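Here the structure comes first, spelled out in structure tokens, and everything after it is commentary.
The values are calculated or read from the model by the stated rules, or taken from the named source; none is laboratory data. The structure presented is a predicted model; accordingly, all values stated were derived computationally and were not measured. Cβ coordinates were reconstructed from backbone atoms using ideal geometry, including for glycine residues, and neighbour counts include every protein chain displayed.
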Amino acid sequence: MSVASITETGQYLTFRLDSETYALDISKVREVLDFTMITKVPQTQDFMLGVINLRGSVVPVIDMRLKFGMSRTEATVNTCVIIVEIEIEGETTVIGALADSVQEVLELDPDHIEPPPRIGARLKAQFIRGMGQRDGQFIIVLDIDKAFSAEELAIAQDMDLEMDRLEQVAV
């Protein structure tokens, strides 16, 4: 979705990665969890930390800092897992996005969201829906559906299926 297609004020969940503020469309966010034990799954990409049990469902957890080329997230009292729904190729996948902290839900008027910069951003511009601004601080508005490739989400879905299979074998 381009900035031009944002026509009404939207609500966004803001969170921190390193010293930068990011935002997700609130309609993509299911819930925010305190940092919890993550079960490692072997032979996955570095940014795929493993899985958590969310009320009986297996949810893959992604370290957003690693995904975006930063250093690994260090667990603190503020570290959290943002449970998001991602749609790719018409299929919805639930993942946990590990973030340094969650800040607030805010409303951004489309007039306050600029197109992403062409150069100089840490993220590839395809992940960025736009650049918001509040109180003189930039907010990177993510298009979470474009942050992960079909292959990466297939790996996340395979992790979910494998963990389900292992649970059935254990019973």
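A count restricted to the stretch 124-154 and to residues that are of a type in the set (S, T, N, Q) and at pLDDT 80 or above stands at 2.
Return the total of residues in the stretch 27-64 being touching a Phe, Trp or Tyr at 6+ places or on another chain (Cβ under 6 Å) and touching a residue at least 40 places away in the same chain (Cβ under 8 Å). Steps first, answer last, please.
Step one: list which residues in the stretch 27-64 are touching a Phe, Trp or Tyr at 6+ places or on another chain (Cβ under 6 Å), which gives 62-63.
Subsequent filtering for residues that are touching a residue at least 40 places away in the same chain (Cβ under 8 Å) retains 62.
Summing the residues that are touching a Phe, Trp or Tyr at 6+ places or on another chain (Cβ under 6 Å) and touching a residue at least 40 places away in the same chain (Cβ under 8 Å) in the stretch 27-64 gives 1.
Each residue in the stretch 15-62 was checked for being in contact with a Leu (Cβ under 6 Å, 6 or more places away or on another chain) and farther than 19 Å from Thr93 by Cβ, and 2 of them qualify. If you take the residues of the stretch 15-36 that are surrounded by 13 or more Cβ atoms within 10 Å (Cβ to Cβ) and in contact with a Cys (Cβ under 9 Å, 6 or more places away or on another chain), which of them is modelled with the lowest pLDDT? Ranking the qualifying residues of the stretch 15-36, first place goes to Phe35. Scanning the stretch 90-111 for residues that are in a loop (DSSP other than H, G, I, E, B) and touching a residue at least 24 places away in the same chain (Cβ under 8 Å) returns Asp100, Asp109.
Looking only at residues in the stretch 64-89 that are in a strand (DSSP E or B) and at pLDDT 95 or above, which one is farthest from Asp34 (Cα to Cα)? Steps first, answer last, please.
If we filter the stretch 64-89 for residues that are in a strand (DSSP E or B), which is where we start, we get 80-88.
Restricting the remaining residues to those that are at pLDDT 95 or above gives 80-84.
Details: Cys80: 5, Val81: 6, Ile82: 9, Ile83: 11, Val84: 14 Å.
Checked the stretch 64-89; the qualifying residue farthest from Asp34 (Cα to Cα) is Val84.
Taking (1) in a loop (DSSP other than H, G, I, E, B); (2) β-branched (Val, Ile, Thr); (3) more than 16 Å from Phe148 (Cα to Cα) in turn, Thr44 satisfies each apart from (3).
For the subset of the stretch 87-107 comprising residues that are small (Gly, Ala, Ser) and surrounded by 17 or more Cβ atoms within 10 Å (Cβ to Cβ), which member is nearest to Met70 (Cα to Cα)? Before you say what the answer is, go through the steps one by one.
Step one: of the stretch 87-107, the residues small (Gly, Ala, Ser) are 90, 96-97, 99, 101.
From the residues that got through so far, the ones that are surrounded by 17 or more Cβ atoms within 10 Å (Cβ to Cβ) too are 96-97, 99.
On the way: Gly96: 18, Ala97: 14, Ala99: 12 Å.
In this case the residue turns out to be Ala99.
Here Gly50 passes the criteria (1) out of contact with any strand residue (DSSP E or B) (no Cβ under 8 Å at 6 or more places or on another chain); (2) surrounded by 15 or more Cβ atoms within 10 Å (Cβ to Cβ) except the one numbered (1). The residue that is nearest to Gln45 (Cα to Cα), among those in the stretch 71-86 that are in contact with a Lys or Arg (Cβ under 7 Å, 6 or more places away or on another chain) and surrounded by 13 or more Cβ atoms within 10 Å (Cβ to Cβ), is Thr73.
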